[in-house]
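Visitor: The structure follows.
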Amino acid sequence: MILSLVSMESQAQYDVSFSHYFDMEPSFNAAAVGKSPKLNIAAAYAMELAGFKRNPNTMYAGADAQFLLLKQFHGAGIQLMNDQIGLFSHKRLALQYAFKFKLFGGQLSTGISAGLLSETFDGTKVDLEESNDPAFSSSKIEGNSLDLAAGLYYSHRNWYVGISAQHLNSPCVQLGETNELQVDATYYLTGGATIRLRNPFLSIQPSFLFR
């Protein structure tokens, strides 16, 4: 009762968390695409609450590469996210672009991303005490919306730092005629370094991610 008097609103994160975020930087920062001259391909699958019915599970796949155009380095990437949780299905397909230039002995990259959000709610599987509750749909409803993102990424020899924003346009997805899903903007700050040891085959790579 005391908590209900303090706040009548609760919020949860929309973006999925991956433990190996340091190997999946393009998933939350468009400026990180093409950070190396090789083709980068990353795929991940996360599953939580295993054994429970309709437990959360997420599939991610992304690829990016660096290319030279008009004597300037650029980066391009594509990513696909499929997030299933309960009766909700969140899908995102996005294209990414980054422009790179040298700055203070390092490389600064500015990136943008444009994608399509596809949201689905399967109301046919809703288990209610009252089957005619108007607050819940009894059919499968879905909707789409444009999703925009941007970021900065700076690397200098043995360290890097990046800042980015996902869902910059705060897309509102209309589900059917009477429901909607609002996706708020999410901001990221990441950084890391490579500490070389005497053995050339060993190094320490600490990193952090604030969201």
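Visitor: Look through L49, L128, L87, L93 and report the one residue that is closer than 18 Å to Y14 by Cα and touching a Phe, Trp or Tyr at 6+ places or on another chain (Cβ under 7 Å).
Guide: Sole residue among the options that is closer than 18 Å to Y14 by Cα and touching a Phe, Trp or Tyr at 6+ places or on another chain (Cβ under 7 Å): L87.
Visitor: Would you mind stating whether K35 is surrounded by 14 or more Cβ atoms within 10 Å (Cβ to Cβ), over 15 Å from the mean Cα position of the chain (by Cα) and not in a strand (DSSP E or B)?
Guide: yes
Visitor: Which numbered condition in (1) at pLDDT 90 or above; (2) on the phi > 0 side of the Ramachandran plot is the only one that Y21 fails?
Guide: (2)
Visitor: Restricting the first residue to region 133-146 and requiring it to be surrounded by 11 or more Cβ atoms within 10 Å (Cβ to Cβ), which pairs with a second residue that is part of a loop (DSSP other than H, G, I, E, B) and among the β-branched types (V, I, T) meet a Cβ separation below 6 Å and a spacing of at least six or different chains?
Guide: Here the result reads F136/V126, each pair linking region 133-146 to a residue that is part of a loop (DSSP other than H, G, I, E, B) and among the β-branched types (V, I, T).
Visitor: Considering only region 44-71, how many residues are under 18 Å from K125 (Cβ atoms) and basic (K, R)?
Guide: 2
Visitor: Is it true that L189 is loosely packed, with under 14 Cβ neighbours inside 10 Å, assigned to a strand (DSSP E or B), modelled with pLDDT of 90 or more and in contact with a Phe, Trp or Tyr (Cβ under 8 Å, 6 or more places away or on another chain)?
Guide: So L189 passes the test.
The values are calculated or read from the model by the stated rules, or taken from the named source; none is laboratory data. Everything numeric here is computed off the predicted structure, so don't read it as measured data. All Cβ positions, glycine included, derive from the backbone under ideal geometry; neighbour counts span all protein chains shown.
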